[in-house]
Amino acid sequence: TSLYDVTADPGWISRLRSTQKSDGGWAGNDSVSTLEATYFAVAALARWNATPVHVDRAARFAMNRLRREGFFTNQLRSEPLSELPHLWRTYCGVRILYELGYDIPWREAIAVWTGSCQNEDGGFAGTSDVDTSSDLWNTANAVEILATLDVPPQNSTNITKYVNTLQNHDGGFSVKLGEASQLASTCDAVRTLSIIHERPISAI
């Protein structure tokens with residue numbers, strides 16, 4: 001039994017399914033569908049063994065936002081790129097397709113681009129910009145992207161060392177070195193180490 005095993009509320013599921021937009025996605029604080037909101041909706045439904053009303057539309061919503069360079073953006077692939085690529089949106093796109101049971105296209109390109117976000121300290125930044133520092137949240141997302149693609153992470157020993165440097169004396173983990181422990185970052189640390197060392201963890 002998982003911590004996340006909660007009895008589904010049929011009314012809640014029905015309301016969530018009804019908010020799917022005509023483009024297949026879900027919107028956040030405004031009326032525009034985003035990868036982030038769509039991921040949260042699809043993942044929530046999946047946890048309760050439910051699916052979107054329009055599964056194919058949801059999958060196309062994500063696929064149409066995957067660039068051949070290997071990252072997802074909230075812009076359509078047919079549009080000129082004006083949005084800075086970010087690991088979080090790529091995580092959302094990959095996980096949407098995974099949760100819906102669809103094959104993820106251009107897997108090698110996604111793996112290469114994700115790997116380009118790794119820094120010398122073993123952690124990952126949100127972008128491939130060499131001047132961007134690592135943090136635990138992006139590291140956890142990168143490792144899970146690669147695991148979803150069945151691609152072993154490069155320098156897994158360095159990733160483990162990086163994560164371990166973020167553990168504080170109170171037992172928790174910080175997002176970045178020298179910061180206070182947080183519950184979310186501690187969860188990210190466990191998620192990362194469990195994936196790297198192939199230890200089962202429920203509801204990652």
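Looking only at residues of region 130-148 that are surrounded by 16 or more Cβ atoms within 10 Å (Cβ to Cβ) and over 12 Å from the mean Cα position of the chain (by Cα), we find that the one that is farthest from P52 (Cα to Cα) is S134. Scanning region 77-99 for residues that are within 22 Å of V32 (Cα to Cα) and among the aromatic types (F, W, Y), we see that the one that is most open to solvent (accessible area, probe 1.4 Å) is W88. Counting only helices (runs of 4 or more DSSP H) that sit wholly inside region 9-71, those with at least 3 residues that are under 16 Å from the mean Cα position of the chain (by Cα) and not basic (K, R) are 35-47, 55-63. Evaluation of L81 against the conditions (1) part of a helix (DSSP H, G or I); (2) farther than 15 Å from L97 by Cα; (3) of a type in the set (A, V, I, L, M, F, W, C) shows that the sole unmet condition is (1).
Quick grid of which residues meet (1) among the aromatic types (F, W, Y); (2) in contact with a strand residue (DSSP E or B) (Cβ under 6 Å, 6 or more places away or on another chain); (3) closer than 22 Å to F71 by Cα:
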site: P152; (1), (2), (3): no, no, yes
site: L166; (1), (2), (3): no, yes, no
site: H169; (1), (2), (3): no, no, no
site: S174; (1), (2), (3): no, no, no
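Condition test on L166, is it buried (at least 19 other Cβ atoms within 10 Å of the Cβ) and either aliphatic (A, V, I, L, M) or without any contact (Cβ under 8 Å) to a residue 12 or more places away in the chain (or both)? Taking the combined requirement at face value, the residue satisfies it. Taken as a whole, the condition of being surrounded by fewer than 17 Cβ atoms within 10 Å (Cβ to Cβ) and touching a Ser or Thr at 6+ places or on another chain (Cβ under 8 Å) applies to A180.
If you go through region 100-129 and keep only what is closer than 13 Å to F72 by Cα, at pLDDT below 95 and surrounded by fewer than 21 Cβ atoms within 10 Å (Cβ to Cβ), you end up with just T127.
Is it the case that some residue within region 57-76 is open to solvent by less than 10 Å² (accessible area, probe 1.4 Å), out of contact with any strand residue (DSSP E or B) (no Cβ under 8 Å at 6 or more places or on another chain), of a type in the set (A, V, I, L, M) and over 15 Å from L149 (Cα atoms)? Within region 57-76, one or more residues are open to solvent by less than 10 Å² (accessible area, probe 1.4 Å), out of contact with any strand residue (DSSP E or B) (no Cβ under 8 Å at 6 or more places or on another chain), of a type in the set (A, V, I, L, M) and over 15 Å from L149 (Cα atoms).
Return yes or no: is V151 touching a Ser or Thr at 6+ places or on another chain (Cβ under 6 Å), within 26 Å of A43 (Cα to Cα) and either modelled with pLDDT under 95 or open to solvent by less than 10 Å² (accessible area, probe 1.4 Å) (or both)? Judged against the criteria, V151 is not a match.
The values are calculated or read from the model by the stated rules, or taken from the named source; none is laboratory data. This is a predicted model, so every value here is computed, not measured. Cβ atoms come from the backbone with ideal geometry, glycine included; neighbour counts cover every protein chain shown. Please note that ligands, DNA and RNA were not included when accessible areas were found on the heavy atoms of the full protein model with its side chains. Shrake-Rupley method; radii C 1.70, N 1.55, O 1.52, S 1.80 Å.
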